[in-house]
């Protein structure tokens, strides 16, 4: 007997057809929630509960019986979805230099392979240090003035700021432990 867990995540304002409801080619995810008779909240996810499939042995042939035990709406708290925001020249002073918390800024560019390697690490650290450290990303192609001001010559570069001052910088795609050690020094 095999058990399959199915989850359907509904992004905001995106049309998805549903097996259990009439086709909704032009409907949004919020209308699905409304059709189910639930109040509308941000961060809702429709999760189908376990689907069971009977799997027969080779001698008896495969079984086609599939049983469903219904579905559920799961509310994911917005605070758990930490996203590292982009910062640019216009928001640099207010978000980074005037911050009351230590700030970690990742300097990157879309064409940079090592930058793509460090993105998930920075995202994990942002979740780990929520409320203790602020995390931002600067696209050096979009904000070259900031990169020049801080002497960024190689990306990815991660810079730690505290009280508006540059405290530490790490160049290259480094392991999570290296970034964690640097962050811990300024908490």
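Read the figures in this text as sums done on the coordinates, not as results from a lab. Since we're looking at a predicted model, the values are computed, not measured.
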Extended-chain gain in nm, criterion 0.36 nm per residue less alpha-carbon gap, residue 94 and residue 128: 9.9 nm
Length released on extending from residue 86 to residue 171, taking residue separation times 0.36 nm less the Cα-Cα span: 28.7 nm
